[in-house]
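Just below is one structure, and these are the notes that go with it.
The values are calculated or read from the model by the stated rules, or taken from the named source; none is laboratory data. A quick note: this is a predicted structure, and the numbers were derived from the prediction, not measured. Ideal geometry is used to build each Cβ from the backbone, glycine not excepted, and the neighbour counts take in all protein chains shown. For the accessible areas, the whole protein counts, side chains as well, though only heavy atoms, and no ligand, DNA or RNA atoms are used. Shrake-Rupley method; radii C 1.70, N 1.55, O 1.52, S 1.80 Å.
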Amino acid sequence: MLPSAAQTSSNDAISQMGKSTTLLSMVASAGWVMIPLALASIITLTLIIYCFFTLTEKSITTPELLDRMEPFFENEDLDGLAAYVEVRPQATARIVDRTLQFIERHPDAGAESIETVAETEGNRIAASLNQRVLFIMDVGVLSPLLGLFGTVVGILNSFGHIAQEASPMRTMLLAGGVSQALVSTAAGLIVGITAMAFYSYFRGRVGHLISILESEATLLTQELILLSQRHRPTKIK
């Protein structure tokens, strides 16, 4: 009778474990660590969508922007150019606007000073572009660590329960506890791999955008230097 009862108990335990291996129950069994992992996944998705909509060539320059600025350069109309770029959101327009503000405050500034101002503004914009994708990388690095931490906590809990359990089913309980604890590692790896894959993609896109920014900003800055030199006030000796 005893062996039969033990076998029945074993079968019941196996049946109960089989019923509890649904995806939702596995996620729930990982414990509170799934909360920050779920938050990390939401942040990753939000950043990916944000980067898809903001890291575009239109955010750097557009043919329409360059065509509209060309008459201002041809007519040497610095005031009109300043008024136009002030309301434009593109990165090249931001550089031209900041450079024109400097030229207006310092009409005697040399070419080197003007180039420094334009380069500083360009570096600020480039850093802003890079920072967006670095947030994705941060999530990609932290997510697997959170998952590993959840696994360690789960295994410690499993051993704690086994130490207090006198049943011969301790081995099965350990196996079940460890498998459930590994769910957090799997979740962390999924979030981390996804984040790093998109980080790699957006990093290449940012590099392309920065090269466009440098090319356009260099040409526009030289145009501004030439205009400032022609409009430089003549000193009375």
* Members of segment 108-123 found to be modelled with pLDDT of 90 or more and either buried (at least 20 other Cβ atoms within 10 Å of the Cβ) or under 15 Å from I212 (Cα atoms) (or both), listed by number -> V117, A118, E119, E121, G122, N123
* Asked: Got a sec? Which of L146, L142, L134 is within 25 Å of I190 (Cβ to Cβ), open to solvent by 80 Å² or more (accessible area, probe 1.4 Å), modelled with pLDDT of 85 or more and part of a helix (DSSP H, G or I)?
  -> L142
* To do: Could you please let me know if E115 is charged (D, E, K, R), touching a helix residue (DSSP H, G or I) at 6+ places or on another chain (Cβ under 7 Å) and on the phi > 0 side of the Ramachandran plot?
  => no
* Structure fact -> Contact list, first residue from segment 47-74 and under 19 Å from N130 (Cβ atoms), second anywhere and of a type in the set (S, T, N, Q) and open to solvent by less than 40 Å² (accessible area, probe 1.4 Å), beta-carbon distance below 9 Å, six or more apart or interchain, is K58/Q90; S59/Q90; I60/Q90; I60/T92; T61/Q90; T61/T92
* Do the conditions hold for L65, that is, is it open to solvent by less than 80 Å² (accessible area, probe 1.4 Å) and closer than 22 Å to I212 by Cα? -> yes
* Could you list, in sequence order, the residues of segment 73-107 that are modelled with pLDDT under 90, open to solvent by 80 Å² or more (accessible area, probe 1.4 Å) and assigned to a helix (DSSP H, G or I)? -> E74, D79, E104, R105
* Confirm whether A126 is at pLDDT 85 or above, closer than 22 Å to T99 by Cβ, part of a helix (DSSP H, G or I) and open to solvent by less than 30 Å² (accessible area, probe 1.4 Å). => yes
* With respect to E57, determine if the residue is open to solvent by 90 Å² or more (accessible area, probe 1.4 Å) and out of contact with any Gly (no Cβ under 8 Å at 6 or more places or on another chain). => yes
